[in-house]
Amino acid sequence: MEEKVILVDENDQQIGLMPKMEAHEKALLHRAFSVFVMNSKGEIMLQQRAAHKYHTPNLWTNTCCSHQREGESNLEAGKRRLMEEMGFVTELKEVLSFVYRAPFDNGLTEHEYDHVMIGYFEDEPNINPEEVQSWKWMRPEAIKEDIANNPSSYTAWFKIIFEKFYDHLMLELHESKG
């Protein structure tokens, strides 16, 4: 059965359901989430998307992201997908949300009301090779520099989130240590 996304208005109020591919083909606003997992060293866990993904294969991005299912809270969805992609679960907290639009070369467009969540984890993930090709820990400063030098190595949404919320991520890391 094809996965459906939750269509929303600019206030994140549900206005319908639609098959995921159709929503991306029509560039309709839908609910999504992005999880950033950090460790006590101040690093962020990045994943490299699997080579066979239908968009942005092989690109580096945040720890995991996806779409909420109908009736599922943002935090429940984040934990579910973290387990599906990275093979672990940790406590998450939602820190902010925003709307973005990112067209892809294949004609699809991400137009999402994105809920950004942060969690902490100290071990290695048990990645799902259907979803994730590789992973690594990186300090935010190193990510920022690498995006500047190699922008085509990262997903569009990750670059948007990272630039928009870099200061927030740095504050979160500082507060977690203090």
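Taking all protein chains as present, what is the carbon and sulfur share of the accessible area of region 67-139, in % to the nearest whole number, probe 1.4 Å?
45
For every helix of n ≥ 4 consecutive DSSP H residues, a contribution of -39,500 (n - 2.57) applies; sum these over the chain, divide by its total residues, and give [θ] at 222 nm rounded to the nearest 500 deg cm²/dmol.
Helix-only estimate at 222 nm: -9500 deg cm²/dmol.
In the chain, which longest range has no GluC sites (Glu not before Pro) that are both DSSP loop (not H, G, I, E or B) and surrounded by at most 12 other Cβ atoms within 10 Å?
Between exposed loop sites, the widest span is 11-69.
Percent of Cα-Cα pairs more than 23 Å apart in region 1-94, please.
Value for region 1-94 (Cα pairs over 23 Å): 30 percent.
Residue by residue, what Karplus-based ³J(HN,Hα) values in Hz, rounded to whole numbers, does region 30-37 have, using 6.51, -1.76 and 1.60 with θ = phi - 60° and x for Gly and Pro?
9, 7, 8, 8, 9, 9, 10, 9
Could you pull out every residue, at least 5 positions away or on a different chain, whose amide H is within less than 5 Å of the one on residue 120? Hs are placed 1.01 Å off N in the peptide plane, and Pro or chain starts have none.
Amide H neighbours of residue 120: 38, 91.
Accessible area per residue, 1.4 Å probe, Å², for the chain: what's the number?
Value for the chain: 49 Å² per residue.
Read phi for every residue in region 53-70 and hand back ³J(HN,Hα) as whole Hz from Karplus 6.51 cos²θ - 1.76 cosθ + 1.60, θ = phi - 60°, with x for Gly and Pro.
4, 6, 9, 6, x, 6, 8, 7, 7, 5, 3, 6, 7, 5, 10, 5, 9, 4
Would you calculate the separation in nanometres between label points at residue 83 and residue 168, each defined as 7 Å from the Cα along the Cα-to-beta-carbon direction?
Between residue 83 and residue 168, the simple spin-label model gives 2.6 nm.
Give the label of the value calculated from the structure for volume of the Cα convex hull per residue in Å³, choosing from (1) 112; (2) 133; (3) 316.
(1)
Return the distance in nm (one decimal) between the two label points of a simple spin-label model at residue 2 and residue 138, each offset 7 Å from Cα along Cα→Cβ.
In this crude spin-label approximation the distance works out to 3.4 nm.
The values are calculated or read from the model by the stated rules, or taken from the named source; none is laboratory data. Computed from a predicted structure; not experimentally measured. Note that each Cβ is placed from the backbone with ideal geometry, even for glycine, and that neighbours are counted across all protein chains shown. Just so you know, the surface numbers come from the protein's heavy atoms only, side chains and all, with ligands and any DNA or RNA stripped out. Shrake-Rupley method; radii C 1.70, N 1.55, O 1.52, S 1.80 Å.
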